[in-house]
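Undergrad: Sharing a structure, written as structure tokens. Questions coming.
The values are calculated or read from the model by the stated rules, or taken from the named source; none is laboratory data. Everything quoted here is computed from the prediction, not taken from an experiment. As a convention, Cβ positions derive from the backbone with ideal geometry for all residues, glycine included, and neighbour counts pool all protein chains shown.
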Amino acid sequence: MVLLCRCFWGLLLFSVSLTGHAYGFAYEFKTTVLDREISTLIPKGYCEVPLTHEHVKFYDEIFGSSVKILHFAGHCDEVALLLAGKTNFLKHHIAIEQIGIDGAFIRFLMGKLAYVTMITAFKANLQKIEKNVSEDTAPLGFTVSNMDYHVKSKTGSYVFFEAEAIKNFPKNKVPMHFYAYTSLIFSIPIAVHVYDEDVSHDNLVFSYATLHNLIKYL
């Protein structure tokens, strides 16, 4: 459960009605997980980051062994800079993950209500997670503090979380904000999150809408 907790915070490290984000879609993401097809439509303006890229590998490390990143994307202009080596981190990204437990990626044959009850009942040890994550990020020049999260909304089928933290650099601090969704799809725990460093109200409203748009087509 500790590993589940850490990877849960990873998927955190979503109500707005949408009509195709009003801007259309860039492409369809599709993959096979445990012999079932998982797919969604990625909004226009996003470009994929290869899972082999160091930026994605960084999040792999942070999330731990019980989260498998299936898809990672950002705003196309930022992704272009990242892939050209002109920036090290995206200030905004979206990600789709498969959630495991103790490093095993299996079906959860408990039903959606039981899954939602389990994941919302567990209380994360945020001090321990901050310590572990900061050990991972220290070589990159920053630590993480002020982690907090709460259930934004839930039903008997899925749950939305909102989370925040602070990146501490030697000369400045950068806010981190996550909207995250998780549910069982074909009894497979799937999570989707949207990450932002721009925490202005308008931007977070847009990101919340983006998350809803992503899960609408799962």
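Undergrad: Could you check the range 1-50 and list, in sequence order, the residues that are modelled with pLDDT of 50 or more and polar (S, T, N, Q)?
TA: Across the range 1-50, the qualifying residues are Thr31, Thr32, Ser39, Thr40.
Undergrad: List the residue pairs whose Cβ atoms are under 8 Å apart, where the first residue sits in the range 200-211 and is within 19 Å of Ile42 (Cβ to Cβ), the second is of a type in the set (Phe, Trp, Tyr), and the two are 6 or more positions apart or on different chains.
TA: Pairs that qualify, where the first residue is within 19 Å of Ile42 (Cβ to Cβ) and the partner is of a type in the set (Phe, Trp, Tyr), are Ser207/Tyr179; Tyr208/Phe14; Tyr208/Tyr179; Leu211/Phe14; Leu211/Phe160; Leu211/Tyr179; Leu211/Tyr181.
Undergrad: Restricting attention to the range 164-208, report how many residues are among the aromatic types (Phe, Trp, Tyr) and either assigned to a strand (DSSP E or B) or surrounded by 21 or more Cβ atoms within 10 Å (Cβ to Cβ) (or both).
TA: Residues flagged as among the aromatic types (Phe, Trp, Tyr) and either assigned to a strand (DSSP E or B) or surrounded by 21 or more Cβ atoms within 10 Å (Cβ to Cβ) (or both) within the range 164-208 amount to 4.
Undergrad: Of the conditions (1) modelled with pLDDT of 90 or more; (2) surrounded by 13 or more Cβ atoms within 10 Å (Cβ to Cβ); (3) not in a helix (DSSP H, G or I), Ala124 clears all except one; give me its number.
TA: With (1) modelled with pLDDT of 90 or more; (2) surrounded by 13 or more Cβ atoms within 10 Å (Cβ to Cβ); (3) not in a helix (DSSP H, G or I) applied to Ala124, the lone miss is (1).
Undergrad: What pairs can you find where one residue is in the range 130-149 and of a type in the set (Val, Ile, Thr), the other is assigned to a helix (DSSP H, G or I), and their Cβ atoms are less than 7 Å apart, with a gap of 6+ or different chains?
TA: Listed by first residue and then by second, the contacts come to Val133/Ile62; Thr143/Ser134; Thr143/Thr137; Val144/Glu130; Val144/Val133; Val144/Ser134; Val144/Thr137.
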